[in-house]
Each structure stands twice: as C-alpha cells, then as structure tokens.
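Rule-based calculations on the coordinates, nothing more; no lab input. Computed from a predicted model, the values in this text were never measured in an experiment. Glycine gets a Cβ as well: all are built from the backbone with ideal geometry, and neighbour counts include every protein chain shown.
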Amino acid sequence: MAEIYELFLIASTLITAFLAVKLERVIHSVVAFLFMSVLTALLFLVLNAPYATIFQILIYAGAVVILILITLHTIKRW
C-alpha cells in the first residue's frame, strides 16, 4: 500500500515541479513551488524520514516561499 502512496506523491511532485517552471504568472509559479515542497515533505514522511520532513516544511515550504513572496511584493512584479 505504501508503494501506491509513493507513486502518487512522486507523480504529483513532478507535475507541480513542471508547473512551477512553466506557468506564466510568477505568483502561480510560487504557489506551485509551495505545493511541490509540501508534496516532497509528504514523500519524506512516507519514507520514514521525519527530520527531513520537518526541514522540508520549515525551510522550503516556509522560509523560501515567504522570501520569494516578499521579493515579489517589494518589486511589485506579479
């Protein structure tokens, strides 16, 4: 059963990573990057890596996305 979750999470992560690169609007790319980071954290959780899950959520889904959004808000290029 865990293999099904892994395959679903891997496919979803790849799709959101592709969307993060290909979307036209920058804010949509940031949201796709956020979803990709959360899906990667869930993949770490399925693989029994709790520390990697915590770091993925705190650093990438939290700090990096906030920094990108602050930068976009500062330069007002949505």
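Worth a mention:
- Karplus-based coupling profile of the range 22-32, in residue order and whole Hz: 9, 5, 6, 7, 5, 5, 5, 5, 5, 5, 5, with θ = phi - 60° in 6.51 cos²θ - 1.76 cosθ + 1.60 and x standing for Gly or Pro.
- Two-site FRET efficiency, Arg25 against Phe55, from Cβ-Cβ distance with R₀ of 22 Å, rounded to 0.05: 0.15
- A Stokes-Einstein calculation at 25 °C with viscosity 0.890 mPa s, built on the Kirkwood radius of the range 2-75 over Cα pairs, returns a diffusion coefficient of 193 µm²/s.
- Leu39, Leu9, Leu23, Leu58 arranged by Cβ crowding within 10 Å, fewest neighbours leading: Leu58, Leu23, Leu9, Leu39
- Trypsin sites (Lys or Arg not before Pro) within the range 3-78: DSSP coil, no more than 10 neighbouring Cβ in 10 Å: Arg25, Lys76, Arg77
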